[in-house]
Amino acid sequence: MPSRHSHLSTPLTCLPFFPRTPRLGEQRYWRWRGWTIAYSYTPGLRPDAPPLILIHGFGGSIGHWRHNLGPLSQQHPVYALDLLGFGNSTKAATAYNVSLWVEQVYEFWHLVVRRRAVWVGHSIGSLVAVVGAARHPEAVCGYVAITLPDPGLRRALLPPFARPLVAAIERLFTSPLLLTPLLCAIRPPKRLRPWAKMAYENPEYVDEDLLEIFSRPARDRGAGGTLSRLARAASEVDFCPNLRDLLPEMTMPGLLLWSRGDRMVPPRLARPQQFGELQANLELLELDYGGHCVHDEAAPQVNEIIGHWVASRLAEESITIR
């Protein structure tokens, strides 16, 4: 078992490529507060093991776990769901923030999963996993965060006099008048490729299947307005509760994975070590391979890390609601 703070190194050029038709589990739909939510369920070979709930990042969906769902289900029942506003879930005209998505995942857990689970998040999904674990410990026996962006960090780095100007610029560039035509311009997969490559260390992993995963939801009704709401919400102060307030109060085990090659949330700026300093039971693994989407780019390694960590720390955790 790795130490609380360690790093793993595997040459990315040695990682295998994957079949073009990955297993995404049983596709289902759920009505939540009048909205349609897409989710996936894979029973797993060990139904008594702690279930996993996979929560994607910004712009992602169930499909972004294409190389994780099948392998992880060899040891655990696995659920994945499209957060409201993403994937095949409704592009709702509502106020988006991490707390809304925490409520979505928690109510899904309460209705469908009904056993303490490991919440596994990527990027913004990691925020949902951490805040969910803090607010609903009865639903979470442990959490895995694959990159943990700190929404307050960027604002904290700005000098006070610059913050009103930056806020005004953000409101301008998140206007539907600008974002809707931009979405139409980048919606074709070939135009989306340069954006997607920023999230991967090896551009060869940005294949046609991945581009379709990212681009298809942009064709849904209301996608332009939803993108504007999401982008504007992400720049607001109350988008996410302050992690520095939550982490010191948490006692359940957590695992934080971060790739040194992450260009979207660079560890040199985000300082992942600070999270381990705030929560004593949080283990940090820094990876020397992959980019921001390391769970997809280096899926075999990440699947093995998650499986080993859950088996060693949480094998006995499985509580059914009565």
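The values are calculated or read from the model by the stated rules, or taken from the named source; none is laboratory data. This is a predicted model, so every value here is computed, not measured. Heads up, the Cβs are rebuilt from the backbone with ideal geometry, glycines too, and the neighbour counts pull from every protein chain shown. SASA here: full protein model, heavy atoms, side chains in, ligands and nucleic acids out. Shrake-Rupley method; radii C 1.70, N 1.55, O 1.52, S 1.80 Å.
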Could you give each residue of the stretch 268-276 its phi-based ³J(HN,Hα) in whole Hz, using Karplus coefficients 6.51, -1.76, 1.60 with θ = phi - 60°, and x for Gly or Pro?
5, 9, 6, 6, x, 4, 4, 5, x
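Charges only on Cβ, +1 for Lys and Arg, -1 for Asp and Glu: so what's the dipole of the stretch 75-152 about the Cα centre, in debye to the nearest 20?
Working: 5 positive and 5 negative charges, 35 e Å.
In total the dipole reaches around 180 debye.
In what sequence, highest mean first, do 131-142, 73-84 appear when ranked by Cβ atoms within 10 angstrom? Intermediate results must be reported in sequence, preceding the final value.
On the way: 131-142: 20.6, 73-84: 23.7.
Top to bottom by mean Cβ count within 10 Å: 73-84, 131-142.
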Spin-label proximity, residue 281 to the stretch 80-121 - amide N less than 19 Å from point 7 Å beyond Cα toward beta carbon:
115-121
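On the protein heavy atoms, probe 1.4 angstrom, tell me the percent of accessible surface of the stretch 217-262 carried by carbon and sulfur. Provide the component values of the computation, followed by the final result.
Working: 960 of 2080 Å².
Carbon plus sulfur share of accessible area: 46 percent.
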Amide proton proximity set for residue 256, modelled H, under 5 Å, gap of 5+:
145, 283, 284, 285
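If I compute solvent accessible area with a 1.4 Å probe over the protein chains, what percent of it on the stretch 72-122 is carbon and sulfur?
Details: 610 of 1320 Å².
Heavy-atom surface of the stretch 72-122 belonging to carbon and sulfur, 1.4 Å probe: 46 percent.
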Charge-dipole axis of the stretch 194-301 as Lys and Arg at +1 and Asp and Glu at -1 on Cβ define it, positive-most pick from 258, 218, 299:
218
Hey, can you find the accessible area per residue of the stretch 54-139 for me, probe 1.4 Å, expressed in square angstrom?
23 Å²
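What is the packing order of peptides 28-41, 200-213, taking the mean over residues of other C-beta atoms within 10 Å and listing the highest first? All intermediate terms of the calculation are to be shown ahead of the outcome.
Numbers: 28-41: 15.6, 200-213: 17.4.
By packing density, highest mean first, the sequence is 200-213, 28-41.
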How far apart, in nm, are the 7 Å Cα→Cβ label points at residue 94 and residue 274?
3.1 nm
What residues have an amide H closer than 5 Å to that of residue 55, excluding those fewer than 5 places away on the same chain, when H is modeled at 1.01 Å from N in the peptide plane?
120, 121, 122
Sorted peptide list for 268-280, 223-235, criterion being average Cβ within 10 angstrom, highest first:
223-235, 268-280
Please compute the modelled spin-label separation between residue 312 and residue 244, points set 7 Å along Cα→Cβ, answer in nm with one decimal.
3.1 nm
Give the separation of the Cα centroids, the stretch 212-233 to the stretch 51-108, in Å.
16 Å
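So what is the accessible area of the stretch 239-300 per residue, in Å², with the probe set to 1.4 Å?
On the way: 2230 Å² over 62 residues.
It amounts to 36 Å² per residue over the stretch 239-300.
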